[in-house]
Amino acid sequence: MFISRKLGHILVWILLVATGTNYLQAQTVNFTEYTGEVLDANTNKALVFATLSIGGTNVSTITNSEGEFALKVPKEFEDDNLIVAFLGYKTKEFPIAQLETKKNKILMEEFAMALSEARIDAPNDAESLVKEVLDKKGTNYLNENTVMTAFYRETIKKRRTNVSLSEAVVNIYKAPYSSNKKDALELYKARKSTDYSKLDTVALKLQGGPFNTLFVDMVKYPDYIFTPETLSYYEFSFNTSTRVNDQLIYVIDFKQKEEILDPLYTGKLYIDAENKILTSAIYSLNITDKRLASQMFVRRKPKNAEVWPTDVSYRVDYREKNGKWYYGYSNVLLEFKVNWDKRLFNSVYSMSCEMAITDWEENLENTIPKTKDRIKSSIILSDEAIGFADPNFWGEYNIIEPEKSIESAIKKIQRQLKRDKSNLESASKP
């Protein structure tokens, strides 16, 4: 089976029947938290996944699906500038001192590309450009051992209702991009809230945790989508160019060739025109065979149900510092249906996970956690995490601002679990 089966094996989504010495250390750091939203200056449309970073540092965050952000700025950086970037928009940079602590509105202007620039001469062979980008990863991307602090979140929904939410701060001991050595992960903090009463008679769990998002870093892990062999299974073509950070970006469309029957991918690659660097990728799995797709993502299921994915989508964004690029953010979305025997209606579920690098530094001594302290790729984060009780759980660490629906779901789930606990205590009394 082709490479899609390999990716499916790494990103394992499971359906389970249910019956009813750390590098990152807790510190006292003075910081100021700024919140707000990033919007299109003309339409007020929320800009999703816009990057906010402190100039000259590795501290950064990203806007959520509603364009909202929360950025914790250490006191030592409060005299620095904030840099806001979004694909196709003019990069904005201004002093952090200009921000209010709450309800900031950062308006971004779309980059108006001249017609002649939009039609700029691109290489004749899009596939050759993709090969060149992958071949130059040791030159253009971080080629040192680093330790990255990352925020990770995964959610499970039944239709539009959040039923399981898990979050974590992890340490990523990232190997150089030129190395074939895989990155090591270490769990620092994790919390969860789950209400299985909304999941019919099954408990849905996501296996792999942060690895699901880490392996979307296709520059570090090209074998999960593009290899020298599988590149020939795709058709590559140039789309209209765009700009990010005032740099010209080639947009390359790719799709699997018609004669390739195994489910592969379709999407877009965003490549820096001058330096031949992949800055972003957005793609999805071609689901033409429900049986094959089910085998890729469903590890275990009830005997009385047929389960298949209806949408599997990926995104990865890279960031730059001092001319070197590195993995900055990724997300994965899986939507699927459960067809129950002797039931009139299908159940519709979705699983999503996302991870953002919020800080990093060079790992000069190549410190790596012991095997027993590393996260295993088989981890089920919701089984490892604790509850949502502590409001100061994350302290000074940057996170992705929760969506309103997630905040609401946490409160609802907590109330339901509290009622269930109260009912059980009442029932146990003589």
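The values are calculated or read from the model by the stated rules, or taken from the named source; none is laboratory data. For clarity, every value in this text was computed on a predicted model and none was experimentally measured. Cβ coordinates were reconstructed from backbone atoms using ideal geometry, including for glycine residues, and neighbour counts include every protein chain displayed. Accessible surface areas use protein heavy atoms only, side chains included; no ligands, DNA or RNA. Shrake-Rupley method; radii C 1.70, N 1.55, O 1.52, S 1.80 Å.
The table below lists the values:
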| item | result |
| --- | --- |
| Of all residues in the stretch 99-150 being of a type in the set (Lys, Arg) and modelled with pLDDT of 85 or more, the one that is least open to solvent (accessible area, probe 1.4 Å) | Lys137 |
| Which numbered condition Tyr173 fails, given (1) open to solvent by 40 Å² or more (accessible area, probe 1.4 Å); (2) not in a loop (DSSP other than H, G, I, E, B) | (1) |
| Single residue of the stretch 243-301 satisfying the filter (touching a helix residue (DSSP H, G or I) at 6+ places or on another chain (Cβ under 9 Å) and aromatic (Phe, Trp, Tyr)) that is most open to solvent (accessible area, probe 1.4 Å) | Tyr250 |
| Residue that is over 18 Å from the mean Cα position of the chain (by Cα) and not in a loop (DSSP other than H, G, I, E, B), where the choices are Lys372, Lys376 | Lys372 |
| Pairs where the first residue, in the stretch 376-400, is over 18 Å from Ala356 (Cα atoms) and the second is assigned to a loop (DSSP other than H, G, I, E, B) and open to solvent by 20 Å² or more (accessible area, probe 1.4 Å), C-beta under 8 Å, 6+ apart | Ser378/Gln207; Ile379/Gln207; Ile380/Gln207 |
| Hits in the stretch 214-249 - residues which are among the hydrophobic types (A, V, I, L, M, F, W, C) and assigned to a loop (DSSP other than H, G, I, E, B) | Phe215, Val216, Met218, Val219, Ile225, Phe226 |
| Pairs, first surrounded by 24 or more Cβ atoms within 10 Å (Cβ to Cβ) in the stretch 207-222, second of a type in the set (Asp, Glu), C-beta under 7 Å, six or more apart | Thr213/Glu354; Leu214/Asp183 |
| Given (1) in contact with a strand residue (DSSP E or B) (Cβ under 9 Å, 6 or more places away or on another chain); (2) acidic (Asp, Glu); (3) surrounded by fewer than 17 Cβ atoms within 10 Å (Cβ to Cβ), index of the condition Glu354 fails | (3) |
| Residue match in the stretch 24-33 (condition: among the β-branched types (Val, Ile, Thr), farther than 23 Å from Pro210 by Cα and at pLDDT 90 or above) | yes |
| Criterion violated by Ala70 - all others in (1) modelled with pLDDT of 55 or more; (2) over 20 Å from Ser330 (Cα atoms); (3) touching an Asp or Glu at 6+ places or on another chain (Cβ under 7 Å); (4) not charged (D, E, K, R) satisfied | (2) |
| The lone exception for Lys72 - which of (1) buried (at least 20 other Cβ atoms within 10 Å of the Cβ); (2) farther than 30 Å from Ile249 by Cα it fails | (1) |
| Failed criterion for Asp253 (all others in (1) modelled with pLDDT of 90 or more; (2) in a loop (DSSP other than H, G, I, E, B) hold) | (2) |
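Condition check ((1) at pLDDT below 85; (2) open to solvent by 60 Å² or more (accessible area, probe 1.4 Å)) across all residues:
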{"site": "Val316", "(1), (2)": "no, no"}
{"site": "Trp325", "(1), (2)": "no, no"}
{"site": "Glu335", "(1), (2)": "no, yes"}
{"site": "Trp340", "(1), (2)": "yes, no"}
{"site": "Arg343", "(1), (2)": "yes, yes"}
{"site": "Ile379", "(1), (2)": "no, no"}
